[in-house]
Amino acid sequence: MIDSMTTPSVRDEPAARQRPRRRLPSPLNMFSHTVLAGWAVLTTFPLVWAFVSAFKDDNEILTDAWSLPSHLRWENWSRAWTEANIGRYFLNSAIVVSGALVLTMMLGAMAAYVLARYDLRFGRLIYFTFVGGMMFPVFLSLVPLFFVVKNLGLLSTHLGLILVYTAYSLPFTVFFLTAFFRTLPTEVGEAAMVDGCSHWGLFFRVMLPMAKPGLISVGIFNLLGHWNQYVLPIVLMQGEGAEKRWVLTQGLTALTINQGYAGDYSALFAGMAIAMLPVLILYLAFQRQVQSGLTAGQLK
């Protein structure tokens, strides 16, 4: 029989085994959390204010801009959609952005996969050429770009905007996805090749599904950039009848300028809310995928 005097009791346990005490947050953590909270308020408040103003009338917007609407005026949204032609501009933006996004992701993923997984002779030169394209702002090439698109007969067309959006989005897409494809395990690709998978099958059936978090992350960034693009449509959407093919940013700008002093501010805020809703919904829907893609695609 075991002597009870030799059996350790709970009271005799060392302090290291006991429940650790709760540590107070350090001043640096408190400062960083305060800064992040302030930044969140600064970025969220304008969005909330625009959505609230979309349900007011012009008198409430001009006299008491910070108050809540007396009641929800959904007619502002319908008036902006029909009378201000926001519906037409929304459709044009959806056509241009969807076409450019599909083309950018397909070409960017294929180029990034080859640069990351294959030992090419001029692979590094091609990669740094793509990276160098990120250094040149769009303003430096507006004049030659205008004449190039005009000579191709694509001025004031959706196809011209799609091709230009794709060209300007490829450097960042290739840069991001190349780093992401390098983090994927090589053993999976080697096993697929041993089982008789072709290079095309390896890319489309194995690597693309594995790179889904990275594709979603860079796709969200490209979507935001394409949807909010203003300079390129202003330069490339000119001429007679171009108003019918304007994108959403052009339509909102024209609505602001044409109003003058007797503006329909409630319809303007409703149009802004309509323009913001798609990207907000997509980001909230794929928020976790975006965060995981950014984490997994870090350079090692």
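The values are calculated or read from the model by the stated rules, or taken from the named source; none is laboratory data. Computed from a predicted structure; not experimentally measured. Methodologically, a virtual Cβ is constructed for each residue, glycine included, from the backbone with ideal geometry; neighbour enumeration extends over all protein chains shown.
I'd like to check which helices (runs of 4 or more DSSP H) are fully inside the stretch 79-193 and have at least 1 residues that are closer than 26 Å to ALA275 by Cβ.
Details: elements: 86-117, 123-132, 142-151, 158-183.
Output list reads 86-117, 142-151, 158-183.
Go through SER266, SER217, SER198 for me and flag whichever is within 22 Å of LEU101 (Cβ to Cβ) and either without any contact (Cβ under 8 Å) to a residue 24 or more places away in the chain or of a type in the set (S, T, N, Q) (or both).
On the way: SER266 fails: within 22 Å of LEU101 (Cβ to Cβ); SER198 fails: within 22 Å of LEU101 (Cβ to Cβ).
Of the residues listed, the single one that is within 22 Å of LEU101 (Cβ to Cβ) and either without any contact (Cβ under 8 Å) to a residue 24 or more places away in the chain or of a type in the set (S, T, N, Q) (or both) is SER217.
For the stretch 194-203, the criterion of being within 23 Å of VAL149 (Cβ to Cβ) and either buried (at least 20 other Cβ atoms within 10 Å of the Cβ) or not β-branched (Val, Ile, Thr) (or both) is satisfied by no residue at all.
Each row is one residue, and each column tells you yes or no for (1) closer than 30 Å to GLY214 by Cβ; (2) of a type outside the set (Ser, Thr, Tyr); (3) surrounded by fewer than 17 Cβ atoms within 10 Å (Cβ to Cβ); (4) in contact (Cβ under 8 Å) with a residue 12 or more places away in the chain.
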position: TRP77; (1), (2), (3), (4): no, yes, no, yes
position: TYR89; (1), (2), (3), (4): no, no, no, yes
position: VAL96; (1), (2), (3), (4): yes, yes, no, yes
position: MET106; (1), (2), (3), (4): yes, yes, yes, no
position: LEU120; (1), (2), (3), (4): yes, yes, yes, no
position: LEU145; (1), (2), (3), (4): yes, yes, no, yes
position: ASN151; (1), (2), (3), (4): no, yes, yes, no
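Against the test of being modelled with pLDDT of 80 or more, surrounded by fewer than 16 Cβ atoms within 10 Å (Cβ to Cβ) and either charged (D, E, K, R) or part of a helix (DSSP H, G or I) (or both), the options ILE234, ILE220 yield a single qualifying residue, ILE234. Filter the stretch 135-171 for residues that are polar (S, T, N, Q) and either closer than 21 Å to LEU107 by Cα or in contact with a helix residue (DSSP H, G or I) (Cβ under 8 Å, 6 or more places away or on another chain) (or both) and give the result. Result: SER156, THR157, THR166, SER169. Of all residues assigned to the stretch 61-73, none qualifies as being closer than 25 Å to HIS226 by Cβ, out of contact with any His (no Cβ under 7 Å at 6 or more places or on another chain) and either surrounded by 19 or more Cβ atoms within 10 Å (Cβ to Cβ) or of a type in the set (A, V, I, L, M) (or both).
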